[in-house]
Amino acid sequence: AAAATGGAVWIESVRDACADLAARALVGELAVEPLRLDGDPDPRYVSITLARLQWGSVTGRIQDLKSRIQRINPVANKDEYFALFGELLSLEQHARALREQAAGGL
């Protein structure tokens with residue numbers, strides 16, 4: 001990917017968009033790691049691989065939200081509590097969908 005025209009620029013853009021150092025390092029590793037299959041990757045392989053990568057990020061955000069929700073007083077900060085809880089439910093649904101996609105079920 002990095003050898004393609006504009007590939008290095010695209011990889012750098014993706015790496016710069018990552019919020020944490022671990023994600024930036026992962027982008028660098030994936031940019032130089034050859035695909036382990038014969039021929040061109042099929043859409044299903046790409047879909048499964050992307051779902052696996054996204055699932056890790058989503059589950060990390062879920063853990064952060066759960067931690068924040070536990071520290072909020074739902075009586076005193078009702079609006080914030082319900083906003084975070086709604087976001088948590090949405091992320092958990094998204095994580096389930098990614099887990100199914102990563103298992104091969106499109």
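The values are calculated or read from the model by the stated rules, or taken from the named source; none is laboratory data. Quick caveat, the model's predicted, so the values are computed rather than measured. Here the Cβ is made from the backbone with ideal geometry for all residues, glycine too, and neighbour counts use every protein chain on show. All accessible areas refer to the heavy atoms of the entire protein, side chains included, with ligands and DNA or RNA removed. Shrake-Rupley method; radii C 1.70, N 1.55, O 1.52, S 1.80 Å.
Please go through the stretch 18-49 and give me each residue that is open to solvent by less than 90 Å² (accessible area, probe 1.4 Å) and touching a residue at least 40 places away in the same chain (Cβ under 8 Å), ordered by number. Selection gives S47, I48. Annotation: of all residues in the stretch 17-48 being under 22 Å from A103 (Cα atoms) and basic (K, R), the one that is modelled with the highest pLDDT is R44. Collect the residues in the stretch 57-87 that are touching a helix residue (DSSP H, G or I) at 6+ places or on another chain (Cβ under 7 Å), closer than 23 Å to A22 by Cα and either of a type outside the set (S, T, Y) or open to solvent by 80 Å² or more (accessible area, probe 1.4 Å) (or both), keeping them in residue-number order. Once the filter is applied, which keeps residues that are touching a helix residue (DSSP H, G or I) at 6+ places or on another chain (Cβ under 7 Å), closer than 23 Å to A22 by Cα and either of a type outside the set (S, T, Y) or open to solvent by 80 Å² or more (accessible area, probe 1.4 Å) (or both), the stretch 57-87 yields V58, R61, I62, L65, K66, R68.
When the criteria are applied in full, A103 fails the requirement of being closer than 30 Å to V9 by Cα and either free of Cβ contacts under 8 Å to residues at least 24 places away in the same chain or among the aliphatic types (A, V, I, L, M) (or both).
For the stretch 26-45, indicate whether the set of residues that are of a type outside the set (A, V, I, L, M, F, W, C) and at positive phi is non-empty. Yes, the stretch 26-45 contains a residue that is of a type outside the set (A, V, I, L, M, F, W, C) and at positive phi.
Of all the numbered requirements in (1) over 29 Å from R44 (Cβ atoms); (2) in contact (Cβ under 8 Å) with a residue 24 or more places away in the chain, I62 misses one, and that requirement is (1).
Filter the stretch 1-16 for residues that are modelled with pLDDT of 75 or more and open to solvent by less than 70 Å² (accessible area, probe 1.4 Å); which is nearest to S57 (Cα to Cα)? Write out each step before concluding.
We begin by selecting, within the stretch 1-16, every residue modelled with pLDDT of 75 or more; these are 8-16.
This time we only want the ones that are open to solvent by less than 70 Å² (accessible area, probe 1.4 Å), so: 8, 11, 13-14.
Working: A8: 23, I11: 18, S13: 18, V14: 15 Å.
Restricting to residues being modelled with pLDDT of 75 or more and open to solvent by less than 70 Å² (accessible area, probe 1.4 Å), the top hit is V14.
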